[in-house]
Structure formats: C-alpha cells, structure tokens
1. Counting alpha carbon pairs within less than 8 Å and at least 6 residues apart, what relative contact order, in whole percent, applies to the chain?
2. Would you mind pulling out the separation of the Cα centroids of region 32-83 and region 242-262, in Å?
3. Starting from the Cα of GLU159, step 7 Å toward the Cβ, then list every residue of region 121-142 with an amide N under 11 Å from that point.
4. Take every DSSP beta bridge with both residues inside the chain and express the antiparallel ones as a percent of the total, to the nearest 5.
5. Shape call for region 94-197 from the C-alpha gyration tensor, a ≥ b ≥ c root eigenvalues: rounded (a/c under 1.5), prolate (a/b greater than b/c) or oblate?
6. Just to be sure I understand the model, the point goes 7 Å from the Cα along the line to the Cβ. What's the resulting PHE239 to TYR288 distance in nm?
7. For ASP26 paired with MET1, estimate the spin-label separation in nm (one decimal), with each label point 7 Å from Cα along the Cα-to-Cβ line.
8. Between the alpha-carbon centers of region 139-195 and region 395-435, tell me the distance in whole angstrom.
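Each reported figure results from applying straightforward, stated rules to the coordinates on display, with no laboratory input. Note that the coordinates shown come from a computational prediction; the quantities given were computed from them, not determined experimentally. Every residue, glycine among them, receives a Cβ derived from its backbone with ideal geometry; neighbour counts consider all protein chains shown.
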Amino acid sequence: MLDLIIKNGKCYIDGELKDEDIAVKDGKIHQIGQISDEAKETVNAQDQTVLPGCIDTQTHFREPGSTDTEDLHSGSRAAISGGITSVFEMPNTNPPTSNKKEFQRKLDLAKNRMYCNYAFYFGATADNANELADLKDLEGCCGIKLFAGSSTGNLLVAEEDDIDKVFQSSSKVVAVHSEDEAILNINKKLIKNGDVHSHPVWRSAECAISSTRRIVRIAERYKKKAHILHITTKEEIDFLSQHKGNITFEITPQHLTIYAPDCYDKLGTYAQMNPPLRDKSHYDRLWYGVKNNFNDTIGSDHAPHLRKNKEKSYPNSPSGMPGVQTLMPVMLNHVNDGKLSLNQLMNLVCENPVKIFGIQNKGFIKEGYDADFTIVDMNKIIEIKNENIESKCGWTPFNGYKFKGTPISTIIAGKIKMQDGKILGDPDGTPLKFS
C-alpha cells in the first residue's frame, strides 16, 4: 500500500504545471501519473499548485548561544509554517561552529528537534584552514561561511591574506558575507546616534562592492566556488553579471520588497540589517538582476532578535530580521504581481540550490526523489501578523502586509508537517546529503 497520494493538483514538473497525481512510498516519490492504488493518506490539491520542497539557503537559528531569541526547534517550526522543507543554517553562534567538535554538537542538537531537513555551514576563521580542507565528506555540511565584514557574532576574516587562505583551503562552496571591514571602520564616523537612516551611509555601497570585487578575484584565482550572500547594490549586480560560472549570488526577499528611506521611517531599527536596505535605485537594479536571471538564489537571511534589543537606540540595536516563514508568501506575491515567473522562483529556491551545493534527491518532482513538497494556493490572500510568527522573536518586518499566494501544506519525506497553518507530527527532519 502507498503511504500518500497527492491528487488533483497542478504539479510543477520539468518547468511546467501538469495535471498529475503523485504517489509516495517510504519517503520517496514512487510514481507520477494517474494513480488508482490505495494509500494510507490522501491530499486533495484541487485548485492548488504542488511545488518541489522549497529550500532556504540562509538562516540563523541562534543555537547554541542565544536560544532566548531562537533555537533549532522554533526556527524549524517557522520554516515549515512558511512552506520551507530544508534549511541551511549559519555558524555565527556562541560558541561558533568553526571546528568539527562544535559541528557535531550542532548535528546532535538538531536530531529529533527540527521539523525541516537541515544542513549547517562550517565557519571560517583566520586560523582553521586545515579543517576547511577536510570537509568534503562531513555529514550535513552545506559549505563554508566567511564573514569578510563584521556582523552578528565574532566570526570575522577581514585580512586579505586570511581570506586568501580560506579559499585556497576550501573543499566546499564558500558563502560570503561581503562587506569591507576596513571601510566599515573608516565610515564609523558617519554613524548618527539615534538615527538608523545612517545605517546605509555607514555600511555604504562602496563597502559592499569593494569586498565583492576582492572575493571574486580571490575565488577566480584558485578556481573555487564562491556564493555571495544578500547582495544589495546596483554596482554588485552589474559586476557579478559579468562573473558567472564559479561565482553565484543571493538576494533576500526583504531587499526586493522594502527600501530606504521609507523602511526606516516606518520600521525604525526593525529595518536594520547587514548589509542594509538601501534606496530605490538599488532596489530597482536588484529586480533587474532577478528579471535577467543574474542572481542564483533567494535566501531569507532569517536573523531574529528580541524586540527589547531591536528597540535599543541606534547603533546599539542589533542588525537582522526574521524571514524564513515569510520568504515564500513574499515571493509568491511578487509572482502574482508579474515581477518574476513561477519558473524563475523555482530556479531560485529549488533547482539552483541543488546545482550550486550538490544537494542529493531534492529540488525536483521526479520518481525516486525525496517526497518533499510545498503545496501553495496562488489565489489565497493572507495578512501577515506578528502574532502568527512561529519564531521566538514574535515579529516580522511584514506585519500588516497582505500577500496573494501562500503555502498551505508542507510535506517532508511523505509526511504532512504543516496543513492550513497548523504544525503536525513530530520533528523528525534529517541532515541533507551532498554529492
């Protein structure tokens, strides 16, 4: 007997929406077609779109260290609430995930506590090059995370010689927080106390493009893969569009939805993140990059902080905002608005993450692949509310926004984990496998 059949949905298969049923057995896609067999469970996806399980390749779940703000369990609840079936989680914890002992601890902490599937980044430091050379077969390791500019936590590799060493030693994709630490330090004098509008002045466009040019130069020298996170400037879009191949990059949903100065007028320090939300000329160029398929992934950069900390006077307020639960509603709304196609979105949150990082058996609806699905209603209008946010921080920059298109079921390994906003079953996500 089959475990699950998804019936009557429009299934995203080979870049097209097809009227097919999907049969699931033992956590795998068993058959695609018209299915008349019996199953223990049936999902009627009438008037719904069945997508491959969507992947968020940039989240900060704050464990170990700041578990009052978020932990692996609560972060995974937020993920499946938003239709995300797999996450990559970041190493800037306390202590940082920058040696094999701490990496194993993270895997142990995740076991039977995370609803979604997961992989972890290994943090680069100025002196762990030997460890970075030996990550190829490390279970659950998606890549190496390099902070070229300081942000939350104390993982910083600012000197060019040290960045050089990281790339030279890397045995995986190096994902980079690309801001130039020297320029950040020079620009500190531009910070206006109590005025968050000075955040993008301090963390300037020059600070971003200067670092990104250096990262690309070093990665290309060693013929290594670099994935540049949360790109925010028109200069970087134009530069990176000329450097494809081993260089890939991400844009966040928030940088495609809100911009300065409005975001700071309305949200104050709740709009503060690194690199910052910038003015509309940058926002427009980011969309130009999306439309022309220059960027490779959309990651949420889910980086929650408690309200009491976000409400401190700038610059004592921390940078970052939650986003794993809202990534899909925000982007599906943009699809409905005609700003990108569903095919483009599937490339950004399913197919490209699989290709760039070598994730096995995910990202496509194919027989034999893992039975992970994000089922969405493209016509349903939802209002995002702080009280519905699963993250421990309990707020979102999109509070009060209405979005058209939303995930209504999250299925992982053939088990329904979220249905109509309700979380179901046990947290039995597993580490992603990489080739």
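1. Answer for the chain is 21 percent.
2. 24 Å
3. Counting backbone N atoms under 11 Å from the label point, the list is 126-127.
4. Numbers: 32 of 67 bridges.
The antiparallel fraction comes to roughly 50 percent.
5. Values: a/c = 2.79, a/b = 1.50, b/c = 1.86.
Verdict is oblate for region 94-197.
6. Between PHE239 and TYR288, the simple spin-label model gives 1.6 nm.
7. 1.8 nm
8. 31 Å
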